[in-house]
Amino acid sequence: MPLVKNGAVVPDPFTVVEAEGPLPEGAVTVPLARLLAEGADLAGRNSPLGVAVPNTADVRELAPHLPHLSLVVLDFPKFRDGRAYSQARLLRERLGFTGELRARGNVLRDQVLFMVRCGFDAFEIEKADDIPAFAKALATYSIFYQPTGDGRPTVASLRAGHA
């Protein structure tokens, strides 16, 4: 699957690994269960570390591990299941995660702007043909009424001269 960041396809430096077995050299993404079980050992690696989190998990469990994580991958198993939106906002706005936040699964171009507003900055796209539509969706609006963790100015902040 292509990885899209800032509207363009980029190479994925992370290797997805299973729940058990040796870790390859370089950047890896481990399942949440493995991170929780081997957190101290994984934090000692000299390579970027990512974690894949199911949308049923409580992301607050990641809090002690966030300083060691470069990537959090959140799952969208179905387009109508929005739990990963809430997970993203918790990670960005309450837990202060500043690394890459990636959407995986049923990621639709109609929802990409909402995902960005919740804090996602990378997307695993199932169809490469959708990439231009993703870029267009991201450029559709530049000012919003609601504040969120993506840092874009709100109408109120612009009116008050704080943007």
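Since every read-out is calculated from the coordinates, none of them should be taken as a lab result. None of these values were measured; they are calculated from a predicted model. Glycine gets a Cβ as well: all are built from the backbone with ideal geometry, and neighbour counts include every protein chain shown.
Which FRET efficiency value, to the nearest 0.05, do you get for V9 and D41 by plugging their Cβ-Cβ distance into 1/(1 + (r/R0)^6) with R0 = 45 Å? Kindly include the intermediate steps, with their values, before the conclusion.
Details: r = 33 Å, r/R0 = 0.74.
After rounding, the FRET efficiency stands at 0.85.
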Inset, instruction - Rank V73, V17, F120 by how far each Cα sits towards the positive end of the charge dipole of the chain (+1 on Lys, Arg Cβ; -1 on Asp, Glu Cβ) and give me just the farthest. - result: F120
Legend entry - By average C-beta atoms within 10 angstrom, highest first, the peptides 72-82, 9-19: 72-82, 9-19
Legend entry - Net charge, F144 excluded, C-beta distance under 12 Å - Lys, Arg +1, Asp, Glu -1: +1
Inset, instruction - Compute the acute angle (0 to 90°) between the alpha-carbon long axis of helix 32-43 and the principal axis of greatest extent of the alpha-carbon atoms of the chain; round to the nearest 10°. - result: 70 degrees
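Please list 43-53, 130-140 highest first by mean number of surrounding beta-carbon atoms within 10 Å per residue.
Packing proxy ranking, top to bottom: 43-53, 130-140.
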Legend entry - Total charge dipole magnitude, the chain, about the Cα centre, Cβ charges on Lys, Arg, Asp, Glu only, Debye to nearest 20: 760 debye
